[in-house]
Amino acid sequence: MVLDKPKKNSGKKIAKKSTRAKKRSEKNAWFISLDSRNALKERFKDLKDQVQLDVFTRKGENDPYNTVSVQFCLDLSRLSNKIRTKVHSIGDESSKRYDVEYSPTILFEPEKYNIRFTGAPIGEEGRSFIETILMVSSSESGLSKRSKKALAALDEKRDVMVFVSPDCPYCPGQVINAFRAAVERPDLIRAECVESTENMDLAKVYDVGGVPHTVVNHTTLSRGLQPEEIFIRELVTMEHLELEPTQPAEDLDIEGFEEPDRDVRRRVEDQIPDDKVAEVDLIILGGGPAGLTAGIYAQRSGLKSIVLEKSIIGGLVALTPVVENYPGFTNIAGKKLMDLIATQARNYVQIHEDEDVIEIKVGKKIEAYTNRRTYRGLALIIATGAGYKKLNVPGEEKYSGRGVSYCATCDGYFFKGKNVVLVGGGNSAMTDALYLNNLGADVTIIHRRDKLRAQKYLQDSIEREKIPVIWNTVVEEIFGKDKLITGVRVRDVKTKKIKHLKTEGVFIAIGEDPNSKLAGEIGITLGDGRFINVDRGCRTNIPRIYAAGDVTGGVRQIVTAVSEGATAALSAFSDIANPYWLK
């Protein structure tokens, strides 16, 4: 067989063709995974009007994030013909027109709204980014009638900045609060989500040491996730509102907020109406692993149920960087695990986030009064979990959000390359210490005993990473200068010797306090540490009321919370059918 002689310059032509093919391949490659593309296609079916995304970048500034932002937005354009993406360079006429300074920046339909992402929408903020596209396309904020009424009275401009970090599960909720307000009043409200980790210089201007951190008209107005009604009220009045846990929302003239229909696709059939009083079979307090599992088992048993969560789905598990002891997963991020459980639960039971139970009354039926309406049921499961335990030392409250943190997942990014102390000796403390160490923080553990309480594999990891531990020591004061932490005063519990340690951050992981206040108010028996006492069926001393998960104490693990949630739901089903207390 005789091969044809290559023509002159054919090698160059082949090389050119290869380069063109490579470029076509790169052009057709997807940044968004296949599973995510399929999910987004389904969500984008409901897009009404065109949404234009304007992406601005500057070469040499945050280049990896620039690439992510451009590729992500271009992919979204390929998934729906209702989404258009335009790419600009900072310094061109468009950037001057829209006052864009930081790279990357993404604007949403800039001729109509003043909404922007400063930084790439990575991590948790991908959720709020997609929600914003849906909002802008529908030209509907999704705010309650009362929130809309409050914003209608606004007659001054508001410039809202919400500082976030990629792993903070609380941040998307606060961002959506701001963006909903901007959609409702585009004439007066400018809303911006700022990825702090990509814009540390800007974060420093506003003393951001924890997220979400909300700035309005260049003044810090709040730290942390807020209920919609509180956020709107503060935005209008420019005053920070303190609402005690037992204080009814009507005391602030914000009662009657109806829950916005945030995602009708997630709702199950047989809806609970948004009336003042909703009749159900079973009321479940808490949207952590115990509460969600209880919802699944209750609904499958035929009990019309509702899960009420005052904050975000997942509880403390959602803040756990990695879970390595849940069956079926070698390791998985706590937030991802809770997303999987929540997705399954939503197929069965209606879940209301951002709905806080203020009071419980026990009569012929059990009534739960929330900041929105009243629920009346045959039985109640308390799965309210636990909150962070505090040191209760001078300086702790003063520097909270300015260097004192209870969530390494949320705030760890602010301490890359900095010296921090981690107070605690249990599993959560060691997990946080390892997480901070992996981020590049210089971590020192302070523990009040002479040995750690954490599982052996975590202790081995601490030793392997050579993270120092100061034994038999407690923190007695946190001090600083110019709103920043500079050190802690510690005491050796054996020698009583006092010394000062220089540090720029204090992460506290000394255990949890049960959220059992409501239970105590109605006469449920509480044990040591104010944990709820239950029997093997998760029954409390009051018939028809059950408790599950961390609020009951004992072995506070995800797997036991799930087990107790299922047990409580099945006990409720059995007892409603055969009321033992009547016998």
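Here the range 37-241 is treated as a sphere whose radius is the Kirkwood value from Cα pairs; by Stokes-Einstein at 10 °C and 1.306 mPa s it diffuses with a coefficient of 93 µm²/s.
Ranked by how many other Cβ atoms sit within 10 Å of their own Cβ, fewest first, the residues SER461, SER139 fall in the order SER139, SER461.
Restricting the calculation to Cα atoms, the chain shows an Rg/Rh of 1.01 when the hydrodynamic-style radius is the Kirkwood one.
Remark on the range 95-212: Rg and Dmax equal 13.7, 38 Å (Cα only).
Among the listed pairs LYS86/LYS335; LYS466/LYS499; LYS149/LYS310, those with a Cα-Cα distance over 30 Å are LYS86/LYS335.
A helix-only calculation puts the chain at -9500 deg cm²/dmol for mean residue ellipticity at 222 nm, using -39500 (n - 2.57) for each DSSP H run of at least four residues, averaged over all residues. Taking the centroid of alpha carbons for each part, the range 397-438 and the range 477-509 are 14 Å apart. If R0 is taken as 56 Å, the Cβ-Cβ distance between GLU140 and ASP492 corresponds to a FRET efficiency of 0.40. Scaling the Cα radius of gyration of the range 319-406 by the globular reference 2.2 N^0.38 Å produces a ratio of 1.51. By the Cβ distance rule (another cysteine Cβ under 4.7 Å), the unpaired cysteines of the chain are CYS73, CYS193, CYS538. Spacing of the modelled spin labels on HIS240 and ALA39, each 7 Å from Cα toward Cβ, amounts to 3.5 nm. Annotation for the range 75-142 versus the range 551-579: alpha-carbon center distance of 45 Å.
Here LYS496 is the anchor, and the aspartates and glutamates within straight C-alpha reach of less than 17 Å, apart from those fewer than 8 places off in the same chain, are ASP450, GLU476, GLU477.
Listed by chain and number, the aspartates and glutamates whose C-alpha is less than 12 Å from the C-alpha of LYS148, apart from same-chain residues fewer than 8 away, are GLU140, GLU184, GLU228, GLU229, GLU258. Footprinting exposure proxy ranking of HIS500, HIS447, HIS352, fewest other C-beta atoms within 10 angstrom first, gives HIS500, HIS352, HIS447. Cβ crowding within 10 Å ranks TRP471, TRP581 as TRP581, TRP471, fewest other Cβ atoms first. Among the listed pairs LYS398/LYS451; LYS82/LYS276; LYS336/LYS494; LYS41/LYS96; LYS456/LYS494, a Cα-Cα separation exceeding 32 Å is found for LYS82/LYS276; LYS336/LYS494; LYS41/LYS96.
Quick note: the coordinates plus some simple rules give every number you see, no bench work behind them. Quick caveat: nothing in here was measured; it's all calculated off a predicted structure. Virtual Cβ from ideal backbone geometry, glycine too; neighbours counted across all protein chains shown.
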